[in-house]
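Input: a single structure, listed below in structure tokens.
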Amino acid sequence: MLRFVTFRTLILLPTATLLSVLSFSSLALPETCIQDPQRRDQCPRIIYKNATLPDPQTGEDKTQLVCICLTDFKDLLLEEKDEVAKQIKQMRINSWTAQLGITEEQLKELVKY
């Protein structure tokens, strides 16, 4: 017995598949993206990692998917030679850790890849 595929079937199947993919992929979106607050453009180099960070609502540590703009932190793991550069870098680190509610060690661990 021959079965004919209607135009309606051709439209509905891909649409249903696309909707199921979109609804599943929304579960995998990161809850937190870490980047320089001064950034106005799209980040050219992003990585995704699982990280344990404090939940903003409960304050308890929670493992979550995090996106990290590596471009903003490329100098974080390097040693500064100039004293002024060291102080500026430490101020940036203090600002980021305060905003994220994490320690300097946690921040450095996050940006390692």
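Each reported figure results from applying straightforward, stated rules to the coordinates on display, with no laboratory input. Not measured: the values here are computed from a predicted model. All Cβ positions, even for glycine, are placed from backbone atoms using ideal geometry, and neighbour counts span all protein chains on display.
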Report, by chain and number, residues whose modeled amide H sits under 5 Å from the one on Asp61, excluding near sequence neighbours (fewer than 5 apart, same chain).
Asp55
Sequence of Thr103, Thr52, Thr97 once ranked by neighbouring C-beta atoms within 10 Å, starting from the fewest:
Thr103, Thr52, Thr97
Please list, or write none, the lysines whose alpha carbon is within less than 16 Å of the alpha carbon of Lys89, excluding same-chain residues fewer than 8 places away.
Lys74, Lys81, Lys108
May I ask you to compute the full-extension gain from Ala85 to Lys112, defined as 0.36 nm times their residue separation minus their alpha-carbon distance, rounded to one decimal in nm?
7.6 nm
Region 46-113, relative contact order [Cα under 8 Å, separation at least 6], %
30 percent
When the Karplus curve 6.51 cos²θ - 1.76 cosθ + 1.60 is applied with θ = phi - 60°, which whole-Hz ³J(HN,Hα) does each residue of region 74-80 get, with x for Gly and Pro?
4, 8, 5, 8, 8, 8, 8
With r defined as the distance between the Cβ atoms of Thr58 and Ser95 and R0 fixed at 22 Å, what FRET efficiency is calculated, to the nearest 0.05?
0.40
